[in-house]
Each structure stands twice: as structure tokens, then as C-alpha cells.
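Worksheet for the structure shown next.
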Amino acid sequence: MKMSPLPLLLLALLVSDKVLADDMSMSMVDMLSDKDVMQAANACLSRHPKGDNIFVENVYPMNRGLVGVVTADSSGRRYDCSADLGTGKVRSSEPIIEPRGPLFVSVRQMSAPPKGECFISNPVVIGRQLQGWLLMQTGKCGGVSWDGIAAAVKGP
């Protein structure tokens, strides 16, 4: 009697998908506690363009022995980096292009218009009732920066 390899193949795929799903549920802390992941994260940090306060924003598993690392700095620049888990060699590091806006901020969040060097605030009014502000980039800053928004946020 000849058996089809299809049931075994399906079982192998189910098991591999389960293992992959389990790996993907690891937290950033769990991943960074692995020496190979830490080596890759440090390599990605060194590849980020020089600036102040460069840090790791996210770490995520990839296939083919790679790990993804999102690096960021205080200016708002973010890079998506992939590095080899075995060697720590960076395979790619590309800037993450953020949308330039506009960005709406509700009056419920801020009682005064947000002020920043890189954007302007325009009031949004419906029937004489202030709804919030529409923020637009001015082009004065090199990248996308919404600095100044956090300072204007209302307290709880």
C-alpha cells in the first residue's frame, strides 16, 4: 500500500507555522536578552546616522537567520535595519519615511494651539466651535518633526 506524502507535508507546515507564531510573540525584552539579537541590535545602532540619543525602538524576528531592528534618534529619524543573527552583519538599513502630515490634534487633547519649529497650527472650526488644530510641516526641518506637540498636551 502506497501512502501519499501530502498528510505529512501538511503536518510539517502546521508545526512550522506554530513555531514561527511562537517566535513572533516574543517581547522586545525577551529578544534583546539573546546575545545574537543584542549583537545585531548594536550593529544596527552603529549603522544609524550619527546624532543625539540613538536608541532601539523595536526588534522583530525575520526569516533566513535575520532579525529586524528599528532604530531612532531624538530628531525623529527612524531606520529599519536587518542584521544577520549569526554574525551581526547589517544586511540593510533604510530610513523610514514618515508621512509629512497634515496631523489633526483635538481640542480635547490640547487647549492651546501646538507650537513647533517644524510645523504650523491652523484652527479647525465647525459652526463657531473650535474642534482642534491641523498641523502642517513647514519644511524648515530636515525630516519630519512634530516636536512641541507633547509640551502642549493637557494633563489628565
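The values are calculated or read from the model by the stated rules, or taken from the named source; none is laboratory data. Since the model is a prediction, treat every value here as computed from it, not as a measurement. With ideal geometry, Cβ positions are generated from the backbone for all residues, glycine too; neighbour counts draw on all protein chains shown. With ligands, DNA and RNA removed, areas are computed over all heavy atoms of the protein, side chains included. Shrake-Rupley method; radii C 1.70, N 1.55, O 1.52, S 1.80 Å.
What the table below lists for this structure:
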| read-out | value |
| --- | --- |
| FRET efficiency, 1/(1 + (r/R0)^6) with R0 41 Å, evaluated for residue 122 and residue 62 via beta carbons | 0.50 |
| Å³ per residue enclosed by the Cα convex hull of the range 28-95 | 71 |
| Equivalent ellipsoid, the range 82-132 (semi-axes from 5 times Cα gyration tensor eigenvalues, Å) | 42, 11, 10 |
| Solvent exposure of the range 28-95 as accessible area per residue, Å², 1.4 Å probe | 56 |
| Evaluated over the range 43-145, the Cα radius of gyration and Dmax, each in Å | 18.4, 62 |
